[in-house]
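Structure, as C-alpha cells:
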Amino acid sequence: MKSNHWLLTVALTFIALQVKADAWIRINQLGYLPQAVKVAVFMSEEPADIQEYALVDAFTGQTVRTFTSTKATGKMGLMKSTYRLNFSDFNQPGTYYLKAGKAVSPNFPINNHVYNGTADFLLNYMRQQRCGYNPFLKDSCHVHDGYILYHPTKTGQQIDVRGGWHDATDYLQYTTTSANTIYQMMFAYQENPESFGDFYDAAGLPGANGVPDIVDEIKWGLDWLNRMNPAPGELYNQIADDRDHAGMRLPNKDEVDYGYGPGKGRPVYFCSGEPQVRGQFMNATTGVASTAGKFASCFALGARLLKDFYPEFAAEIGAKADAAYQEGVKKPGACQTASVKSPYIYEEDNWVDDMELGAMELFKSTGDLKYLEQAVEYGRREPVTPWMGADSARHYQWYPFMNMGHYHLATVNNDRLSKEFIRNMRAGIVRTYEKAVESPFMHGIPYTWCSNNLTTAMLTQCRLYRETTGDETYKEMEAAMLDWLFGCNPWGTSMIVELPLYGDYPSQPHSSLLNAGVGNTTGGVVDGPVYRTIFESLRGVNMTGIPGTPGQDYERFQPDLMVYHDAIHDYSTNEPTMDGTACLTYYLSAMQKDGMKQAGIQGDKNVYVNGGIIRTDPSKKQITLVFTAADKADGADAIISTLKKHGIKGGFFFTGEFYELYPDVVKRLRKEGHLVGSHSYGHLLYMPWENRDSLLVTREEFEQDMLKSYEVLRKAGIEYKDVPVYIPPYEYYNKEIAAWAKNMGIQVINYTPGTMTNADYTTPDMGQKYRSSKFIYDKVMEVEKKEGLNGHLILIHFGTDDRRTDKFYNGYLNKMIKTLKRKGYTFVPVLEAVGM
C-alpha cells in the first residue's frame, strides 16, 4: 500500500507541474507503434539546457531508459528553448511518459494497436456530413435540389442532385472537394482493405450490412457524383453558393431562399467553361478540365472498386468515365466555384493534375496506351504541385493538394517513366523538407487556409514515395507531420475531433451541430493553423466560445508566424472539412496495417461497442471463455477441472480484493496456463445504471484504481504488458472508460450480448430477474441455432452467492462445452482471439 501511495503522489506531482510549469513536452497523444519513428518536442518559456531526458514506465514509476541524444532547435514564439527528443530505438510495448528538465509529458502507449480503428473513426464525420438523408440527425435535408444555372438550354430547369456531403459547416456542395473526397477514400480502401470494418449499413445507421463502411461512404458519394453528370457532356460543379452563409442552423432546418422559395431548392452550377458570378466580380474559370478530370478518375476507379459490391452501378459509372474525360480534353482549363455576396471561393488554378489522374485511371481500366501517353503529357506540365515549398497560396489555388497521378506514373512498368515521376515526387518532398528542418516540429507546411489538409497530402506523398523507392531520408519529417496532427504541435492538441478521446482535441469546432447542442463533429479534421496575417484579415472570426464555455485562444503557445484557436467562431482554424477528413483515411489505414504487420496478424476483425471488444472475428467458428470475480472463488475446482478436461485455456479477470483473498487460486490458474488479468482494483461502478453516458468516477480515480490493480497483479508475478486486456467491473463501461484504458495501453473487452451466461450470478430471491442454469444453457443453444456463436466471448462468474445453489459451473459448463464442440466450435484463448 505504501508503494501505491507513492505512485499516486508522483502522479499528482507531475500533474501539478504540468499545470504550473513553464516547460512542456509535446507528444503524439495517440501513441506510437513499436517499430516507428518516435520524437517528442520539449519547449520552455525560459532558457533551458537539456542534456538528457528519461522515459518512465507509467505503471511502475521506474525509469526504463535515459537518453542523451537531444537536439536543440532554437526559439519559437514565447518559447525561448525547444528540443527534439528522439527515442525511436526504444520499441518495448508499454505505457510511458517522458521527463526532461522540469517538464513531464502526458502518458502515452507504445504498442501494435494504437492506430486500430482510427481510419474507420474518421467516417463518423463523413456520415454526419451527408446531405439528403442524414443518419446523425435521422432526418432529411435539401430534398428539392436543385435548379440549373449557366446551362445554354436548361437554365431554370429542376434536376435531381440530392445526396453527397456538405462541404463543411456550411451546406454548399462542390464537385471539386467531393470528388477528391471520394477518390481518397477509394484509394485508402484499395490499398488497405484489411483496415476497415463493417459496423454501419448503407444509410449510415448502426448495423453491419456485409459491405465495409468506407465502401458504403464511397457509394454514397459516387451516387451523387453520378447525378451531377446526368448525360455525356453535362457536368455540374456546385450546389448552392455563399447565400448559404445565413447563420448557424441545422441542415434539416435550412430555409435559405435562393429565389425558389424558403428551403425549396438550391442553384446547381453547370460547368460552362466560362467565368461565372462572384458578386461584384467574376470568378476566373478558364475551362472544364479540372472538374472533368475529377469525374473521370472517380468513375474509372469507382467502377473497378465497386464491381463486386454493385456490379450494375459500377458498369454505369464506368461507361461515363471517358466521356467526362473528353470534356476536359475539349475545354482545357480550371473550373472555379462561384459566390454571390462574399470574396471567398475555391480559386483552383491548376487542372493538368486532374487530367493526368483521369488518364491514369482510364489506362488502368482499359489498358489503352493512349491514356498513358496523355497522362505523361499532362504530368510533365506540372512536375511539382506548386504549393510545396511555397509560403503563400490563394484558397485551394493548387488542388488537390497531392498529385496522385504522379504516384501512379511512378509505379508504371516503365523504368524511364518511373524514375522521372519519382523525381517529381521527391522534388515536392525536398522543397517541404528544406522548410521543415527549420522547425522544432519538422513542419514545413505553409500556413494557408486548411493547412492540415496540406499536412495530410504531404504525409501521403512521403509514404507513397518511401514505399515506392525504399528511400527513408524523409521518414522523420513524415512521422513529425503525423505527430503534428495528434498533438506534437505548439498547442499540444489533436487536430481530429475526439481522436483520441482521452487526449486534448478540438472541443469547440466551428459547427452548427455543436452550436445547436446536438453533438460534436466526431472524427472531423479541422482546418489547422493559419498565418496571423490571414486570420487578422478575415471577417467575423472571434474567440467567443459555445454558451457557458470560453474559446481557447492558446495565447501562451502561439508562434509568431501562425495561430490556432479552439473556438467555435474561428472558422479559419477550427472548422472541420470533409475532404481533409477523407484524405486522412489512407494514412491512418496504412498505419493500422503497419501495426498488424508488426503484430503478425492479418486484420482486426473484432466487433467493438463504445471502444470495447464485445466479439471476436464473426467469420470464425471460435468461442472464448472468460471468467470474472470480485470476492468469490467457489467455482474454482469445478471450472479449472472442466477446462483441463477439455484442453481449454480461459481468461480470468479478478479484482484487487480477489488477488488478496485467493493468492493460491491465482497461482493454480497461472500454472494451468490460463490468462489472469484485471477486473479493476476496487470494483467501482463507473456510471449510473440509468445513464450510461454520465460518469461516477473521475479520470484520476479511474487511473488510480487501475494502477493499484496492476500493482497487485505484479505482486502475483503478472506484468501489465502480459495482460493488455481487462473486463470492467460489473461488465459495465462507456466510451470514456474505454478511451482512458486505451491511453494506459489496456483494451476493454466484454461478453458478447445475447446468450445471458452473465446472468449466472442471479439468485431466486430476485424474482423475474432470476435465470436458472437450465434457462441459460437453453438460451445459449437457442442463440447458436438462430445466428451462431462465431467469435462469442462467453462470460461465466468464477463464484456466485450462496443463495444460488444452482451453479452453472457445476455440470452445465461441461455440458455446454461438449455440445458446442460437437457443433464444430473451437475454444480460443483471449489474446489469440482478439489478436493481441
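The values are calculated or read from the model by the stated rules, or taken from the named source; none is laboratory data. Because the structure is predicted, anything quoted here is derived from the model rather than measured. Cβ placement follows ideal geometry from the backbone for every residue including glycine, while neighbour counts extend to all protein chains displayed.
Please return the ranges of strands (runs of 3 or more DSSP E) entirely within region 93-176 where 1 or more residues are more than 23 Å from the chain's Cα centre (by Cα). Don't jump to the end; show me each part of the working.
Working: elements: 94-100, 108-110, 132-134, 139-141, 147-149.
So the answer is 94-100, 132-134, 139-141, 147-149.
Here is a yes/no grid of residues against (1) hydroxyl-bearing (S, T, Y); (2) on the phi > 0 side of the Ramachandran plot; (3) under 29 Å from the mean Cα position of the chain (by Cα):
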{"residue": "S297", "(1), (2), (3)": "yes, no, yes"}
{"residue": "A300", "(1), (2), (3)": "no, no, yes"}
{"residue": "A303", "(1), (2), (3)": "no, no, yes"}
{"residue": "A314", "(1), (2), (3)": "no, no, yes"}
{"residue": "D322", "(1), (2), (3)": "no, no, no"}
{"residue": "G328", "(1), (2), (3)": "no, no, no"}
{"residue": "T337", "(1), (2), (3)": "yes, no, no"}
{"residue": "S342", "(1), (2), (3)": "yes, no, no"}
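Is one or more of the residues making up region 351-361 out of contact with any Phe, Trp or Tyr (no Cβ under 7 Å at 6 or more places or on another chain) and outside any helix (DSSP H, G or I)? So far as region 351-361 goes, yes, one or more of its residues are out of contact with any Phe, Trp or Tyr (no Cβ under 7 Å at 6 or more places or on another chain) and outside any helix (DSSP H, G or I). Only a single item in (1) among the polar types (S, T, N, Q); (2) at pLDDT 95 or above; (3) part of a loop (DSSP other than H, G, I, E, B) is not met by S392, and it is number (2).
Would you say H443 is part of a loop (DSSP other than H, G, I, E, B), on the phi < 0 side of the Ramachandran plot and modelled with pLDDT of 95 or more? Even if it seems obvious, please write down each step before you answer.
Values: part of a loop (DSSP other than H, G, I, E, B): yes; on the phi < 0 side of the Ramachandran plot: yes; modelled with pLDDT of 95 or more: yes.
Yes, satisfied.
Going by what's in this entry, would I817 be described as modelled with pLDDT of 95 or more and farther than 30 Å from L707 by Cβ? Yes: the conditions hold for I817.
Taking Q238 as the residue in question, decide whether it is farther than 23 Å from L137 by Cβ and part of a strand (DSSP E or B). Steps first, please.
Numbers: farther than 23 Å from L137 by Cβ: yes; part of a strand (DSSP E or B): yes.
Answer is yes for this residue.
One line per residue, one yes/no per condition, for (1) assigned to a loop (DSSP other than H, G, I, E, B); (2) among the aromatic types (F, W, Y):
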{"site": "R416", "(1), (2)": "no, no"}
{"site": "N424", "(1), (2)": "no, no"}
{"site": "C462", "(1), (2)": "no, no"}
{"site": "E467", "(1), (2)": "no, no"}
{"site": "E476", "(1), (2)": "no, no"}
{"site": "W491", "(1), (2)": "yes, yes"}
{"site": "E498", "(1), (2)": "yes, no"}
{"site": "Y502", "(1), (2)": "yes, yes"}
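The set of residues in region 594-622 being of a type outside the set (D, E, K, R), more than 21 Å from the chain's Cα centre (by Cα) and within 17 Å of T755 (Cβ to Cβ) consists of P618, Q622.
Taken over region 457-489, the criterion of being under 21 Å from R423 (Cα atoms) and acidic (D, E) is satisfied by E467, D471, E472, E476, E478.
From the list L684, L695, L669, L707, exactly one residue is at negative phi, in contact (Cβ under 8 Å) with a residue 40 or more places away in the chain and crowded, with 20+ Cβ neighbours inside 10 Å. Which is it? Lay out the reasoning, then the answer.
Details: L684 fails: crowded, with 20+ Cβ neighbours inside 10 Å; L695 fails: crowded, with 20+ Cβ neighbours inside 10 Å; L669 fails: in contact (Cβ under 8 Å) with a residue 40 or more places away in the chain.
L707 is the lone residue from the list that is at negative phi, in contact (Cβ under 8 Å) with a residue 40 or more places away in the chain and crowded, with 20+ Cβ neighbours inside 10 Å.
Apart from one condition, A759 fits all of (1) part of a helix (DSSP H, G or I); (2) under 27 Å from the mean Cα position of the chain (by Cα); the exception is (2). Any residue at all in region 790-802 that is out of contact with any strand residue (DSSP E or B) (no Cβ under 6 Å at 6 or more places or on another chain), surrounded by fewer than 19 Cβ atoms within 10 Å (Cβ to Cβ) and closer than 17 Å to Q622 by Cα? Checked against the condition, which is being out of contact with any strand residue (DSSP E or B) (no Cβ under 6 Å at 6 or more places or on another chain), surrounded by fewer than 19 Cβ atoms within 10 Å (Cβ to Cβ) and closer than 17 Å to Q622 by Cα, region 790-802 yields at least one hit. Within region 114-130, is there a residue that is touching a helix residue (DSSP H, G or I) at 6+ places or on another chain (Cβ under 9 Å), surrounded by 21 or more Cβ atoms within 10 Å (Cβ to Cβ) and over 30 Å from V748 (Cβ atoms)? Looking for residues that are touching a helix residue (DSSP H, G or I) at 6+ places or on another chain (Cβ under 9 Å), surrounded by 21 or more Cβ atoms within 10 Å (Cβ to Cβ) and over 30 Å from V748 (Cβ atoms), one finds none in region 114-130, hence no.
Against the condition at pLDDT 95 or above, among the basic types (K, R), more than 31 Å from the chain's Cα centre (by Cα) and farther than 19 Å from K475 by Cα, how does K20 come out, does it pass?
For K20, the condition - at pLDDT 95 or above, among the basic types (K, R), more than 31 Å from the chain's Cα centre (by Cα) and farther than 19 Å from K475 by Cα - is not met.
Entry remark, region 376-406: residues being charged (D, E, K, R) and either farther than 14 Å from A334 by Cβ or not assigned by TED's automatic domain parsing to the domain that holds T177 (or both) number 3 in total.
In the set G204, G265, only one residue is over 30 Å from V352 (Cβ atoms) and in contact with a Phe, Trp or Tyr (Cβ under 7 Å, 6 or more places away or on another chain); that residue is G265. Would you say K644 is without any contact (Cβ under 8 Å) to a residue 24 or more places away in the chain and among the basic types (K, R)? When the stated conditions are applied, K644 does not pass them.
Taking (1) touching a Leu at 6+ places or on another chain (Cβ under 7 Å); (2) closer than 21 Å to G164 by Cβ in turn, H510 satisfies each apart from (1).
For region 712-723, a residue qualifies if it is outside any loop (DSSP other than H, G, I, E, B) and buried (at least 20 other Cβ atoms within 10 Å of the Cβ), and the qualifying residues are V712, L713, Y720.
Of the residues Y236, Y147, only one is closer than 22 Å to D354 by Cβ and among the hydroxyl-bearing types (S, T, Y); which? First the steps, then the outcome.
Values: Y147 fails: closer than 22 Å to D354 by Cβ.
The unique qualifying residue is Y236.
Here S694 passes the criteria (1) touching a Pro at 6+ places or on another chain (Cβ under 8 Å); (2) under 30 Å from Q92 (Cβ atoms); (3) at pLDDT below 95 except the one numbered (2).
Residue count for region 397-447 satisfying the condition of being of a type in the set (S, T, N, Q) and in contact with a helix residue (DSSP H, G or I) (Cβ under 7 Å, 6 or more places away or on another chain): 5.
Against the definition (within 29 Å of S81 (Cα to Cα), at pLDDT below 95, surrounded by fewer than 18 Cβ atoms within 10 Å (Cβ to Cβ) and of a type in the set (V, I, T)), how does T544 come out, yes or no? Here the answer is no, as T544 does not meet what is asked. Criterion applied to L795, L820 was being in contact (Cβ under 8 Å) with a residue 40 or more places away in the chain, under 30 Å from T95 (Cα atoms) and aliphatic (A, V, I, L, M), and the one residue passing it is L795. Close contacts from region 448-475, counting a first residue that is touching a residue at least 40 places away in the same chain (Cβ under 8 Å) and over 15 Å from T573 (Cβ atoms) and a second that is crowded, with 23+ Cβ neighbours inside 10 Å and charged (D, E, K, R), with Cβ to Cβ under 8 Å and a gap of 6+ residues or different chains, come to L459/E478; R463/E478. Take region 326-348 and flag every residue that is surrounded by fewer than 23 Cβ atoms within 10 Å (Cβ to Cβ), in a loop (DSSP other than H, G, I, E, B) and of a type in the set (V, I, T). The answer is V340, and nothing else.
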